[in-house]
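Read the structure below first, then the notes.
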Amino acid sequence: MAKSTPSTPRSPRTPALLLLSGLLLLSLLVQLGVAWWARADQRISVEQSAVLQDALWVRGELHAMAAAETLWLTQGVADPLVRAQRKGTELLSTAERLLVRFEQGSAQSGHAKQLLALVQESTERAQEVLSDARQAGPSSGTLAMGHGLIAARLDRLDSVINALQSGAQSELRALDERAASRFLISAAAGLASLIIASLMLALLYFEARSRARAEHEQGRLAALTEQAERRAQKREQDIQRLAELGDQLRPAKSIEDIAEVLGATMRNVFAQFDGALYLQAPSRNVVRRQVGWGKPNPPLEDLFTPEDCWAMRRGVCYPTEPHSPPCRHLAEGTNPKHVICAPLMATGEIMGVLHLSGSMLPDLHERRIAQALADQLGLAVANLRLQENLRVQSVRDMATGLYNRRYIESALLRECLRARRSQQTLAIILIDLDRFKDFNERHSHEAGDAALGQIGSILNQTIRPEDLAGRYSGEKFMVLMPEADLSTAMDRAELLRRAVRSTPIDLHGRRVEALTCSIGLALFPLHGSEPALCLRATERALAEAKKDGRDRIVSAEDEGAGKVAQS
């Protein structure tokens, strides 16, 4: 299932940013309006300036025409008037252009019409004067009248031009006033834009910082979430490995099997830790290292006493707190805070300790896993010891510590087959305690049990390492000596007989008389080609020893039973 992307929460600064954005847009629109207004006024200013320029030019030209006309009237010179009259068309177009610039019905439009009329009048008058000049020249009457007309016309011209100039200047002054207003409005809008932009930049800065902090926090939370997921995944893997460890430990038949399984598990579960498995000796006074892994520095102790480990003394995973006193079995230079000691417990009994040490402080999960691992190891060791006890009980006789009859009979068959394959001999020795029933009646059955246990110890101490000794029946014992000839078997039987005879029975510190024994001996296949035949020959030899007075050794001969007496 795909993960949904979480929606980004709305920032509390968003409304303020939207409002400031609207205000900034409004101020920009105001500035654009002011700029458009300025361009419109600039066009008006250009037009008014053109009006002034055209009006002044028209006045100058008309004054020049009046002067040329006066010169003709006073001096009869026609050339200046001719030149002035040639500009009549341009004067008319200029006056018409002035008229077009103004709206119909306005005062300036009326002044422009008057100016146009004056221009027309002046040009017509100049034409008439030139016509008259070509016919008769100026007269005194014409001169007097012309001076009056020229003066009146110039007065009207000046009046019209002054009115146009005054109107244009008024319009220019109004433009200047509007320019000042525009400047104030533009300055206010610009200042407002600057303030709004500064506020927006400040808000954006704080928003960016807030978003950066939020992203950092989100990244931190994501990292923590990922770390928690990894820890959860590792915990699941550790729990699965512990379950697998239990399945692998269940069929373990020896400490070596446990060590092999444990080594593979520790490399996966506690890869960052070195350590060792310690088991308590049967004497319960010392704890020995059974298996180690990693390269601990400093090296771990090979053995220590249970009192040196707080975990074994308290029965809990140790240390429980950072300031707990360190275990005394830690090597010098070991940081006690980086150590885990988990006791191995089963059925309320502490069997050892799982020791872990690393370069970092273990967390609670690692301590719990270590204790769970130690509990499984404790159950495995207890199961292994129980199996060993059951196995020992199935093949050993509890009273003597020797093999029981079932085992010694199967061993007899096995050793006979091996001797036949290797073409060697097997010495079979039967030992029977003399008058053992009388001994029990004199000293109690407890003394008889003590005597059996002591005889078992004597047999274990006297036979060779490759020999097998077992309790054959009540007070009867059997010894199997692989690859032994008759002389070797007789010598070993004699050692057994003398050891039994010379060792008093210890009954709780009170020593009672020693027992004697009768011994029958036979060689396979010399005295019987089958195990049963050879065993019967040994029994006949034993019966012969008992019959001849006990406390002696009798060997079976090739045919029947012969005697070898030992005094």
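The values are calculated or read from the model by the stated rules, or taken from the named source; none is laboratory data. Keep in mind that this is a model prediction, so the values were computed, not measured. Using ideal geometry, Cβ is built from the backbone for each residue, glycine included, and neighbour counts are taken over all protein chains shown. The protein model used for the area step is the full one, side chains on, heavy atoms only, and it has no ligands, DNA or RNA in it. Shrake-Rupley method; radii C 1.70, N 1.55, O 1.52, S 1.80 Å.
Among the residues making up the range 13-27, those that are modelled with pLDDT of 85 or more and within 16 Å of Ile185 (Cβ to Cβ) are Leu23, Leu26. Count of the range 370-379 residues, restricted to those that are touching a residue at least 60 places away in the same chain (Cβ under 8 Å) and open to solvent by less than 10 Å² (accessible area, probe 1.4 Å), is 3. Restricting the range 498-518 to residues that are touching a strand residue (DSSP E or B) at 6+ places or on another chain (Cβ under 6 Å) and under 15 Å from Arg552 (Cβ atoms), the residue that is surrounded by the fewest Cβ atoms within 10 Å (Cβ to Cβ) is Leu515.
Conditions (1) in contact with a strand residue (DSSP E or B) (Cβ under 9 Å, 6 or more places away or on another chain); (2) aliphatic (A, V, I, L, M), marked per residue:
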site	(1), (2)
Ala151	no, yes
Leu154	no, yes
Leu157	no, yes
Ser166	no, no
Glu177	no, no
Ala197	no, yes
Arg220	no, no
Arg230	no, no
Glu256	yes, no
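Among the residues of the range 196-218, is any open to solvent by less than 60 Å² (accessible area, probe 1.4 Å) and either on the phi > 0 side of the Ramachandran plot or of a type in the set (Val, Ile, Thr) (or both)? There is at least one residue in the range 196-218 that is open to solvent by less than 60 Å² (accessible area, probe 1.4 Å) and either on the phi > 0 side of the Ramachandran plot or of a type in the set (Val, Ile, Thr) (or both). Taking the range 335-355 as the search range and keeping residues that are buried (at least 18 other Cβ atoms within 10 Å of the Cβ) and more than 29 Å from the chain's Cα centre (by Cα), which one is nearest to Phe273 (Cα to Cα)? Only one residue tops the list, namely Val353. Pairs meeting the criteria (first residue in the range 35-55 and not assigned by TED's automatic domain parsing to the domain that holds Arg173, second residue modelled with pLDDT under 80 and open to solvent by less than 50 Å² (accessible area, probe 1.4 Å), beta carbons under 8 Å, at least 6 apart or on different chains) are lacking. Which pairs turn up if I take residues in the range 207-233 that are farther than 24 Å from Arg13 by Cα and at pLDDT below 90 and look for partners that are open to solvent by less than 100 Å² (accessible area, probe 1.4 Å) and in a helix (DSSP H, G or I) with beta carbon separation below 8 Å, at least 6 apart in sequence or on another chain? Listed pairs, sorted by first residue: Arg231/His365. Regarding Glu366, is this residue of a type in the set (D, E, K, R) and within 22 Å of Asn285 (Cα to Cα)? The answer is no for Glu366.
Condition check ((1) under 17 Å from Leu245 (Cβ atoms); (2) open to solvent by less than 50 Å² (accessible area, probe 1.4 Å); (3) in contact with a Leu (Cβ under 7 Å, 6 or more places away or on another chain)) across all residues:
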site	(1), (2), (3)
Ala271	yes, no, no
Arg284	no, no, no
Val287	no, yes, yes
Gly292	no, yes, yes
Glu321	no, no, no
Gly333	no, no, no
Ser357	no, yes, no
Glu366	yes, yes, no
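Does Ser170 satisfy being part of a helix (DSSP H, G or I), assigned by TED's automatic domain parsing to the domain that holds Ser45 and open to solvent by less than 40 Å² (accessible area, probe 1.4 Å)? When the stated conditions are applied, Ser170 does not pass them. Select from the range 253-264 the residues that are β-branched (Val, Ile, Thr) and either open to solvent by less than 10 Å² (accessible area, probe 1.4 Å) or assigned to a strand (DSSP E or B) (or both) and list them in ascending order. Of everything in the range 253-264, just one residue is β-branched (Val, Ile, Thr) and either open to solvent by less than 10 Å² (accessible area, probe 1.4 Å) or assigned to a strand (DSSP E or B) (or both), namely Ile258.
Among the residues of the range 229-252, those identified as among the aliphatic types (A, V, I, L, M) and either open to solvent by 60 Å² or more (accessible area, probe 1.4 Å) or more than 20 Å from Asn383 (Cβ to Cβ) (or both) are Ala232, Ile239.
Examine the range 158-176 for a residue that is hydrophobic (A, V, I, L, M, F, W, C) and out of contact with any helix residue (DSSP H, G or I) (no Cβ under 6 Å at 6 or more places or on another chain), and state whether such a residue exists. Yes, because at least one residue in the range 158-176 is hydrophobic (A, V, I, L, M, F, W, C) and out of contact with any helix residue (DSSP H, G or I) (no Cβ under 6 Å at 6 or more places or on another chain). Please specify each residue of the range 72-91 satisfying the condition of being open to solvent by 50 Å² or more (accessible area, probe 1.4 Å) and modelled with pLDDT of 75 or more. The answer is Thr89, Glu90.
If you go through the range 453-471 and pick out every residue that is buried (at least 23 other Cβ atoms within 10 Å of the Cβ) and either within 15 Å of Ala514 (Cβ to Cβ) or of a type in the set (A, V, I, L, M) (or both), you end up with 3. The residue that is nearest to Glu475 (Cα to Cα), counting only those in the range 413-427 that are of a type in the set (A, V, I, L, M) and open to solvent by less than 80 Å² (accessible area, probe 1.4 Å), is Ala427. In the set (1) open to solvent by 70 Å² or more (accessible area, probe 1.4 Å); (2) on the phi < 0 side of the Ramachandran plot, the condition left unmet by Ala382 is number (1).
Screening Leu430 with (1) buried (at least 18 other Cβ atoms within 10 Å of the Cβ); (2) farther than 22 Å from Cys517 by Cα; (3) not polar (S, T, N, Q) gives one miss only, at (2). If you check every pair at least six apart or on different chains, which have Cβ atoms under 6 Å apart with a residue in the range 508-528 that is within 18 Å of Pro482 (Cβ to Cβ) first and a residue that is of a type in the set (S, T, N, Q) and crowded, with 24+ Cβ neighbours inside 10 Å second? Going by the 6 Å Cβ cut-off, the qualifying pairs are Leu521/Ser555; Ala522/Thr538. Take Leu412 and decide whether it is outside any strand (DSSP E or B), closer than 30 Å to Asn285 by Cα and not hydroxyl-bearing (Ser, Thr, Tyr). So Leu412 does not fit the description; no.
Scanning the range 99-137 for residues that are closer than 21 Å to Leu52 by Cα and at pLDDT below 70, we see that the one that is least open to solvent (accessible area, probe 1.4 Å) is Gly105. Residue pairs whose Cβ atoms lie under 7 Å apart, sitting 6 or more positions apart in sequence or on different chains, and linking a residue in the range 338-362 that is touching a residue at least 60 places away in the same chain (Cβ under 8 Å) to a partner that is basic (Lys, Arg), are Ile340/Arg367. Please work out if Leu386 is assigned by TED's automatic domain parsing to the domain that holds Asp506 and either among the β-branched types (Val, Ile, Thr) or part of a helix (DSSP H, G or I) (or both). It is false that Leu386 is assigned by TED's automatic domain parsing to the domain that holds Asp506 and either among the β-branched types (Val, Ile, Thr) or part of a helix (DSSP H, G or I) (or both). Scan the range 295-308 and tell me whether some residue there is in a loop (DSSP other than H, G, I, E, B) and among the aromatic types (Phe, Trp, Tyr). There is no residue in the range 295-308 that is in a loop (DSSP other than H, G, I, E, B) and among the aromatic types (Phe, Trp, Tyr).
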